[in-house]
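Quick notes on the structure that follows.
Each value in this text was obtained by applying a stated rule to the coordinates, not by laboratory testing. Keep in mind that this is a model prediction, so the values were computed, not measured. Neighbour counts are summed over all protein chains in view; Cβ atoms, including those assigned to glycine, are modelled from backbone coordinates with ideal geometry.
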Ligand SMILES: NC(=O)c1ccc[n+]([C@@H]2O[C@H](COP(=O)([O-])OP(=O)(O)OC[C@H]3O[C@@H](n4cnc5c(N)ncnc54)[C@H](OP(=O)(O)O)[C@@H]3O)[C@@H](O)[C@H]2O)c1
């Protein structure tokens with residue numbers, strides 16, 4: 001299976017690409033002109049995209065089976081980032097998939113998406129624009145999954161001690177999860193047909209019972 005990862009130069013996107021490679025997938029990186037690609041991914045096929053340029057997206061997604069969207073606006077003085085990247089940028093990627101008949105998309109979103117009253121919204125109402133991006137996917141008719149992680153950490157050690165807490169939408173709000181585990185969840189989602197059409201919130205801690213995405217979706221009716 002050919003997996004494309006947009007935002008593959010990012011801290012989560014690069015880990016998603018690494019995990020996909022580790023599990024034997026053919027990986028294509030979708031990045032922008034000046035993105036820095038980690039050494040671990042230098043051998044991957046790479047396409048330069050502009051989220052505002054439909055043609056560049058269509059070219060980059062030709063021949064791909066699954067798209068994982070890990071683009072996201074970084075906090076900056078430019079408060080238009082969330083609207084451009086997390087809403088319109090996601091919508092443009094979804095529309096490109098529709099044109100190309102690429103059926104499967106996973107979107108890395110965030111806990112608390114859709115909330116108006118939240119400190120993160122000081123950055124360009126990001127949680128509102130992220131919800132608009134999610135809705136473009138949900139209304140697409142494609143086989144979509146939204147992964148909403150908690151606060152992201154760079155933790156890479158002792159991950160075997162971490163257990164993932166999976167819930168449906170708007171159940172969790174203030175816990176954390178290492179980006180590496182988010183990456184693994186994105187790949188787990190590709191392998192879990194039950195995740196199609198679902199919003200799955202994920203955080204982690206050593207204190208929750210061991211489970212997996214399939215069991216969690218079945219038992220919690222996510
Ligand atoms: N930080 C948190 O605690 C947190 C919590 C929950 C959810 N999230 C969400 O999780 C996702 C991943 O977060 P992260 O911190 O791992 O991301 P990140 O390291 O900031 O990476 C963002 C990626 O998006 C790309 N990007 C940004 N603007 C772009 C544009 N205009 N065109 C094309 N690509 C663009 C970046 O490319 P360049 O490398 O070229 O800049 C980079 O590859 C984001 O959607 C974020 O909002 C974050």
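Of all beta bridges DSSP finds with both residues in the chain, what is the antiparallel percent, to the nearest 5? Write down the numbers at each step before the final one.
Values: 5 of 35 bridges.
Among the beta bridges of the chain, antiparallel pairing accounts for roughly 15 percent.
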I'd like the Kirkwood hydrodynamic radius of region 2-220, using the inverse of the mean 1/r over distinct C-alpha pairs, in Å.
17.2
I need two numbers for region 125-213: Rg to one decimal and Dmax as a whole number, Cα atoms only, in Å.
13.3, 39
Region 135-207 versus region 1-74: alpha-carbon centroid distance in Å:
19
Using only helices, what value at 222 nm comes out for the chain when you add -39,500 (n - 2.57) per DSSP H run of length 4 or more and divide by the total residues, to the nearest 500 deg cm²/dmol?
-8500 deg cm²/dmol
Below 8 Å between Cα atoms, with a sequence gap of 6+, how large is the relative contact order for region 10-53 in percent?
38
So residue 176 and residue 50, fully extended at 0.36 nm per residue minus their Cα-Cα distance, gain in nm 42.3 nm
Of the peptides 150-163, 108-121, 17-30, how do they stack up when ordered by the mean number of other Cβ atoms within 10 Å, highest first?
17-30, 108-121, 150-163
For Cα pairs less than 8 Å apart in space and 6+ apart in sequence, what is the mean separation divided by the residue count of the chain, i.e. the relative contact order in percent?
18
